[in-house]
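Read the structure below first, then the notes.
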Amino acid sequence: MKAWKTFLFLVGLLLLWLPGCSGNTAVPGAGEKIAVVTTIYPLYDFARQVGGERVEVTRLLPAGAEPHTWEPTPKDMAALARARVFIYNGAGMEPWVQRQLGLLEEKGVRVVEASRGLDLIAGPGDHGEAGVDPHVWLDPVLAQEIVKKIRDAYIAVDPDHAAYYSSRADEYLAALRELDREYRAAAQDFQRREIVTSHAAFAYLARRYGLQQVALMGLSPESEPDPVRMREIVAFCREHDVKYVFFEALVSPKVSRTLAREVGAETLVLNPLGNITPEEEKRGENYLSIMRENLARLKVALGDHS
């Protein structure tokens, strides 16, 4: 398996250096769309919202894939080689990206690291070299900063259409501000503050709206609680009379359901939005709609009686 991954990586390097794949610095013509490549779903949605008809956005992460463990294929590397703008999250979310940054910069690709410069939260050390929580997009206020970075990248590579990108960004930023207002208003009426989640993806959301996240697993959903940790969470749920345990559509709900049975609680989905399911994609769901679904479920779980 290790040899196969090494082979794929070398193929990716070759694709980035193929003749005809360089020279990305030219300003696009009037009818030419900017080739944009993103990693995880929220960045893909933000990129589309800001770029509109002026961009062609490719999402490397296919619908239904778990973002923490995904690795690119040679086909993905070929798409990356054609990019004018590359948008990734950073903060340890996509370790494979670090191997490509030098080549991308030499090719003149405009690289946007979405989490750079944001107020990051330290994690328990099980994800990324520094143990930094990468889930910044779940805070609608930080999401606004990411949208601004994308806007600025588009303007840098296509300055003739700066007004277009600015206008679309302003419209989407207003929608994100409204989303933040909805969360703030709901949080004022929550009867509880504790959210028990399957993995530690919601620290930014919790920090923004005064909640306490208690996670069964760490920053990566592959980790599982040991018996001592499980007993601690069971005790916490009983002490705080937790009524709902959250799980995710892309991760096995087994541990969450086991905990819920143990403490007499119910389960609900809380979507970390690193990716969406094929069904959600077919229904036309997006960042805003799924964040509002999350809010509706938080109201149920936390006893919003407004």
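The values are calculated or read from the model by the stated rules, or taken from the named source; none is laboratory data. Because the structure is a prediction, the values reported are computed rather than measured. As a convention, Cβ positions derive from the backbone with ideal geometry for all residues, glycine included, and neighbour counts pool all protein chains shown. Surface areas here come from the heavy atoms of the whole protein model, side chains and all, with no ligands, DNA or RNA. Shrake-Rupley method; radii C 1.70, N 1.55, O 1.52, S 1.80 Å.
The figures follow:
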quantity	calculated
Selection status of ASP139, closer than 23 Å to TYR244 by Cα, of a type in the set (D, E, K, R), crowded, with 19+ Cβ neighbours inside 10 Å and touching a residue at least 12 places away in the same chain (Cβ under 8 Å)	yes
Members of the range 82-91 that are open to solvent by 10 Å² or more (accessible area, probe 1.4 Å) and touching a residue at least 60 places away in the same chain (Cβ under 8 Å)	ARG82, ARG84
Scan of the range 210-227 for residues that are open to solvent by less than 80 Å² (accessible area, probe 1.4 Å) and either more than 12 Å from SER198 (Cα to Cα) or assigned to a loop (DSSP other than H, G, I, E, B) (or both), ordered by number	GLY210, LEU211, GLY218, LEU219, SER220, PRO221, SER223, PRO225
ASP180 vs. criteria modelled with pLDDT of 95 or more and open to solvent by 40 Å² or more (accessible area, probe 1.4 Å)	no
From LEU80, LEU43, LEU13, residue being assigned to a helix (DSSP H, G or I), at pLDDT 85 or above and in contact with a Lys or Arg (Cβ under 9 Å, 6 or more places away or on another chain)	LEU43
Pairs, first within 23 Å of PRO278 (Cβ to Cβ) and among the polar types (S, T, N, Q) in the range 47-62, second open to solvent by less than 50 Å² (accessible area, probe 1.4 Å) and in a loop (DSSP other than H, G, I, E, B), C-beta under 8 Å, six or more apart	THR58/ALA83
Subset of the range 228-249 [open to solvent by 20 Å² or more (accessible area, probe 1.4 Å) and either part of a loop (DSSP other than H, G, I, E, B) or among the hydroxyl-bearing types (Ser, Thr, Tyr) (or both)]	HIS240, ASP241, LYS243, TYR244, ALA249
Residue list for the range 254-296, filter: open to solvent by less than 30 Å² (accessible area, probe 1.4 Å) and in a loop (DSSP other than H, G, I, E, B)	ALA265, LEU270, ASN271, PRO272, LEU273, GLY274, ASN275, ILE276, THR277
Flag if GLN98 is in contact (Cβ under 8 Å) with a residue 24 or more places away in the chain and open to solvent by 40 Å² or more (accessible area, probe 1.4 Å)	no
Pairs where the first residue, in the range 241-268, is over 19 Å from ALA296 (Cα atoms) and touching a residue at least 40 places away in the same chain (Cβ under 8 Å) and the second is open to solvent by 70 Å² or more (accessible area, probe 1.4 Å) and part of a loop (DSSP other than H, G, I, E, B), C-beta under 8 Å, 6+ apart	VAL255/GLU224
Filter result for ALA206 (within 15 Å of LEU138 (Cα to Cα), out of contact with any Gly (no Cβ under 6 Å at 6 or more places or on another chain), open to solvent by less than 30 Å² (accessible area, probe 1.4 Å) and at pLDDT 95 or above)	yes
Qualifying residue in the range 168-176 (condition: touching a helix residue (DSSP H, G or I) at 6+ places or on another chain (Cβ under 6 Å), within 18 Å of HIS68 (Cβ to Cβ) and of a type in the set (Gly, Ala, Ser))	no
Residue count for the range 148-168, restricted to those that are over 19 Å from ALA35 (Cβ atoms) and hydrophobic (A, V, I, L, M, F, W, C)	1
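For (1) of a type in the set (Ser, Thr, Tyr); (2) modelled with pLDDT of 95 or more, each residue gets a yes or a no:
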| site | (1), (2) |
| --- | --- |
| GLY131 | no, no |
| ALA143 | no, yes |
| LYS148 | no, yes |
| ILE155 | no, yes |
| PRO159 | no, yes |
| ARG184 | no, yes |
| ILE195 | no, yes |
| SER223 | yes, no |
| CYS237 | no, yes |
